[in-house]
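Here's the structure, in C-alpha cells; my notes come after.
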Amino acid sequence: MVDLVPYRTGHFLAMAHRDLVPGALGLPDDRPATLATCAESLAGPFSATLLNGPDVLGLMGVRVLHPGVGEAWTMTSGHLRVDAPSRSWVWFRRAAIYGLGLVFEAGLHRVQAHVRADFEGGHRLARSLAFIPEGPAVAWGPDRADHTRYARIA
C-alpha cells in the first residue's frame, strides 16, 4: 500500500545506503556522518516520504528560503525511476502536487527548483508539476554541474 508520511531522517538514510552511488549527492564524501547531516538538512514542515509498505519510493519537500519563497527538492529510490514510469510514479507525482498545494496554502507565493541540465527525467517532472523554466544556472551544483532553474508561482 502506498502511503505519504512525514519525512524522517531514517527514510533518507535507508534509501541512501541502498540506492545512492558514491558521489551521487555531490557531497565531499558519502561517510555516515556526511549522509546524516544531509538527511537532517532535508527535514522541515514541508517534507514528506512516499512509502510502499516498508520501501521508500521517494522523498520530497520544499525548504523555505525567505518569506514567501521556497526551494523544492525530490529524491527517488531504486523502486521508482523517473525514466521508467509506473503506478508508483503516478503516486509520487500526485503526492508532489498535493504537497505543492499545501505549501501555497501556507503562504508561499513562489517555489523554485533546480534540475541538472543532463537529467531529462527531472525536467519532465518539473514540467509535469507546472514549473516554468527560467534559465540556466551555470556551475550551480556542489559538483559544479550546470542546472536549469524552474519556478512555479501561486
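Tabulated data
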{"read-out": "So Met75, is it surrounded by 19 or more Cβ atoms within 10 Å (Cβ to Cβ), at pLDDT below 90, touching a strand residue (DSSP E or B) at 6+ places or on another chain (Cβ under 8 Å) and in a strand (DSSP E or B)", "value": "yes"}
{"read-out": "Test set (1) surrounded by fewer than 18 Cβ atoms within 10 Å (Cβ to Cβ); (2) in contact with a strand residue (DSSP E or B) (Cβ under 6 Å, 6 or more places away or on another chain); (3) more than 23 Å from His11 (Cα to Cα); (4) not polar (S, T, N, Q) - His66 fails condition number", "value": "(2)"}
{"read-out": "Cβ-Cβ under 7 Å pairs, at least 6 apart or on other chains, the stretch 9-23 side at pLDDT 55 or above, far side hydroxyl-bearing (Ser, Thr, Tyr)", "value": "His11/Thr49; Met15/Ser77; Asp19/Ser77"}
{"read-out": "Residue satisfying condition, being surrounded by 14 or more Cβ atoms within 10 Å (Cβ to Cβ) and closer than 23 Å to Phe12 by Cα, within set Ser41, Ser86, Ser47", "value": "Ser47"}
{"read-out": "Test: residue in the stretch 51-61 that is more than 18 Å from Met1 (Cα to Cα) and either in a strand (DSSP E or B) or modelled with pLDDT under 95 (or both)", "value": "yes"}
{"read-out": "Only one of Arg127, Arg93, Arg149 that is modelled with pLDDT under 90, charged (D, E, K, R) and not in a loop (DSSP other than H, G, I, E, B)", "value": "Arg93"}
{"read-out": "Near pairs, Cβ below 8 angstrom, 6+ apart or cross-chain, from the stretch 100-127 (on the phi < 0 side of the Ramachandran plot) to any residue that is part of a helix (DSSP H, G or I) and among the basic types (Lys, Arg)", "value": "Leu125/Arg93"}
{"read-out": "For Gly61: the one exception among (1) within 14 Å of the chain's Cα centre (by Cα); (2) small (Gly, Ala, Ser); (3) surrounded by fewer than 20 Cβ atoms within 10 Å (Cβ to Cβ)", "value": "(3)"}
{"read-out": "Residue ID - farthest from Cys38 (Cα to Cα), chosen from residues in the stretch 108-144 that are in contact with a Gly (Cβ under 7 Å, 6 or more places away or on another chain) and of a type outside the set (D, E, K, R)", "value": "His109"}
{"read-out": "Subset of the stretch 130-146 that is small (Gly, Ala, Ser) and surrounded by 12 or more Cβ atoms within 10 Å (Cβ to Cβ) - its residue that is modelled with the lowest pLDDT", "value": "Gly141"}
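The values are calculated or read from the model by the stated rules, or taken from the named source; none is laboratory data. For clarity, every value in this text was computed on a predicted model and none was experimentally measured. Neighbour counts are summed over all protein chains in view; Cβ atoms, including those assigned to glycine, are modelled from backbone coordinates with ideal geometry.
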